[in-house]
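Taking it in order: structure first as structure tokens, then the write-up.
The values are calculated or read from the model by the stated rules, or taken from the named source; none is laboratory data. Note that the structure is predicted; figures quoted are calculated from it, not measured. Using ideal geometry, Cβ is built from the backbone for each residue, glycine included, and neighbour counts are taken over all protein chains shown.
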Amino acid sequence: MLDGKTILITGASSGIGAAAARLLAEAGANLVLAARREDKLKEVRGALPQASNRIALFVGDVDDPGFSEAAVKAALDAFGGLDGAFNNAGTMGDMGQVPDMSLENWNQVIATNLNSAFLAAKYQIPAMRARGGGSIVFTSSFVGHTIGFPGMAAYAAAKAGLIGLTQVLAVEHGPENIRVNALLPGGTKTAMAGDDPAFLDYIAGIHALKRMAEPDEIAKAAEFLLSDASSFVTGSAMLCDGGNSISKG
């Protein structure tokens, strides 16, 4: 259902973004893979030789106010349009209670997770409007939606803000056949989760499935939201959390 569609993925150099690149390439999409690390982006593309002519790379930082406009232009230049976007780049920031948190850390987390989403929508929506519609997916989190973790106020506020942004964009642009959804992963085996065995065991235990997700499992949910399989889904905060939100034991 994505054959010939052009999809922009941010945070595409590793983890969920890289997994999404593999799945969407296999589904026939043209891809613009965006991230800060050019070497890692080249590795992702190199692992998909059968689709290399359908993959363009864009090196940049979502914190840069010009990133989104330039990334959309890269899609237009490479493939003539934009049909979907998986806005997946994010950061957890430094953990700590609010009285001890620096304003610099707060601003950084909000900028990377929420301000970048505003700018993404600002430039992606006109490009999709020109195509007669499209699908935008933001990576939010169960943190700040169904649970509050100590020390994660900035992250929770940013990710909760994404859900509010998603809802308004869905209402504003639904008549233009542009769907907007937030994807809320549970704990996932990525670099952001770290490598402390005790911490990873704890995170696994708070899920009903008693394990963390593989990046591919979250990427499959993103693929669903980007494809016509979800043609009547918009404005949702879609949990893909292994039962985290309903587990108390």
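Below are the figures for this structure:
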read-out	value
Of all residues making up the stretch 97-126, the number that are more than 18 Å from Val143 (Cα to Cα), in a helix (DSSP H, G or I) and either among the hydroxyl-bearing types (Ser, Thr, Tyr) or in contact with a strand residue (DSSP E or B) (Cβ under 8 Å, 6 or more places away or on another chain) (or both)	6
Failed item, numbered, when Ala70 is tested on (1) among the small types (Gly, Ala, Ser); (2) assigned to a helix (DSSP H, G or I); (3) crowded, with 17+ Cβ neighbours inside 10 Å; (4) touching a strand residue (DSSP E or B) at 6+ places or on another chain (Cβ under 8 Å)	(3)
Among residues of the stretch 183-221, those that are among the aliphatic types (A, V, I, L, M) and in contact with an Asp or Glu (Cβ under 7 Å, 6 or more places away or on another chain), counted	1
Counted residues, the stretch 130-150 - those being in a loop (DSSP other than H, G, I, E, B), out of contact with any strand residue (DSSP E or B) (no Cβ under 9 Å at 6 or more places or on another chain) and at pLDDT below 95	3
Qualifying positions in the stretch 58-81 - of a type in the set (Phe, Trp, Tyr) and over 19 Å from the mean Cα position of the chain (by Cα)	Phe79
Every residue from the stretch 2-58 that is without any contact (Cβ under 8 Å) to a residue 24 or more places away in the chain and either touching a Gly at 6+ places or on another chain (Cβ under 9 Å) or in a strand (DSSP E or B) (or both)	Ser52
Residue under evaluation Leu82, criteria (1) modelled with pLDDT of 95 or more; (2) outside any loop (DSSP other than H, G, I, E, B), criterion not met	(2)
